[in-house]
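Encoded as structure tokens, the structure appears first; notes follow it.
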Amino acid sequence: MNEGEPPTGEHRAAEPQTPPCQEERGRAKFLLPSLVALILFYPAAAEFPFASYLILAMNAVVLIAAVYAVAETKTHVRIAVALAAPQLVLSVAAGLAPPESTAAAWLSVVAAGLLAVFYGYAIERLLRSVLRACMVSAEVLFQGLSIYLLLGLGWASIFSALEQIAPGSFRFSVTQPGHGGLALIYFSFVTLTTLGYGDITPLTDRARSLVILETITGQLYLAVMVARLVTLYGQHRRSASGR
């Protein structure tokens, strides 16, 4: 190309392109309330007759809301449903099996594992959406808060599976019914937020390793999310002031 000659299409193609903004569809506005409701009403539901079925129903609402939240394409919907549907079936089967039977225990373990995997997939899809956003909006905030709650519930599912596979992995200050489902949700969020009350303690090396990983995950997520929101807000302010 001669000096002073405008760049050709070939040279323009070599310039870096700005990635397209994520189109917002408001899907996370149903997920966040369902997660908050599950955490708030879990203790009350546990005291009712047929408590396991009430908790299962609330969990089903969360799964449906999460599938809707990540449903950007048909492929995403298929993957989410492929994880959520077996989890619900196994949870129902575990509830129908004799409470202290080996079948009920292993069904519960697999259901908890699938739930953790599903939450992990939902977190990955929501985090991608936040990172592709162009401005701080209500949808981005819903997604960010939903990810944080999903992290806590996902780690609680992992702790529950571990406690069922290796009873005694955690020491509870008060005896817990079953495998301490509600107590482990509480412990997971205490760990995620690094409060560390000390009323529930990991006793085995595996449990301690998982607790360390959750603590690191929670701190890294907050750092990344705050940095992303600040960046988006700064870009939006500069864009608005330049008009």
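The values are calculated or read from the model by the stated rules, or taken from the named source; none is laboratory data. It should be emphasised that the depicted structure is a prediction, and the values quoted were computed from it without experimental measurement. For neighbour counting, all protein chains shown are included, and Cβ atoms are generated from backbone atoms with ideal geometry for every residue, glycine included.
Numbers at a glance
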{"item": "Output for the range 27-61, where each listed residue is without any contact (Cβ under 8 Å) to a residue 12 or more places away in the chain and under 16 Å from Ile185 (Cα atoms)", "result": "Leu40, Ala44"}
{"item": "Criterion (at pLDDT below 90 and within 14 Å of the chain's Cα centre (by Cα)) met by exactly one of Ala28, Ala13", "result": "Ala28"}
{"item": "Tally, over the range 195-233, of residues that are crowded, with 17+ Cβ neighbours inside 10 Å and of a type in the set (Phe, Trp, Tyr)", "result": "1"}
{"item": "Matching residues, the range 116-133, being of a type in the set (Gly, Ala, Ser) and under 8 Å from Gly154 (Cβ atoms)", "result": "Ala116, Gly120"}
{"item": "Among (1) buried (at least 22 other Cβ atoms within 10 Å of the Cβ); (2) farther than 22 Å from Ala66 by Cα; (3) β-branched (Val, Ile, Thr), the one test that Ile165 misses", "result": "(1)"}
{"item": "Any pair with Cβ under 8 angstrom, 6 or more apart, that starts in the range 138-149 at a residue that is within 19 Å of Leu220 (Cβ to Cβ) and in contact (Cβ under 8 Å) with a residue 12 or more places away in the chain and ends at one that is of a type outside the set (Val, Ile, Thr) and outside any helix (DSSP H, G or I)", "result": "Val140/Glu24; Val140/Ala133"}
{"item": "Unmet criterion (only one of (1) touching a residue at least 24 places away in the same chain (Cβ under 8 Å); (2) under 10 Å from the mean Cα position of the chain (by Cα)) for Glu124", "result": "(1)"}
{"item": "Residue among Ser108, Ser157, Ser137, Ser101 that is out of contact with any Gly (no Cβ under 8 Å at 6 or more places or on another chain) and either closer than 19 Å to Ala60 by Cβ or not hydroxyl-bearing (Ser, Thr, Tyr) (or both)", "result": "Ser108"}
{"item": "Test: residue in the range 164-183 that is charged (D, E, K, R) and assigned to a helix (DSSP H, G or I)", "result": "no"}
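A quick yes/no check of all residues on (1) of a type in the set (Ser, Thr, Tyr); (2) surrounded by 15 or more Cβ atoms within 10 Å (Cβ to Cβ):
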{"site": "Glu47", "(1), (2)": "no, no"}
{"site": "Ala71", "(1), (2)": "no, yes"}
{"site": "Val92", "(1), (2)": "no, yes"}
{"site": "Thr102", "(1), (2)": "yes, no"}
{"site": "Ala112", "(1), (2)": "no, yes"}
{"site": "Ala116", "(1), (2)": "no, yes"}
{"site": "Tyr121", "(1), (2)": "yes, yes"}
{"site": "Val140", "(1), (2)": "no, yes"}
{"site": "Leu153", "(1), (2)": "no, yes"}
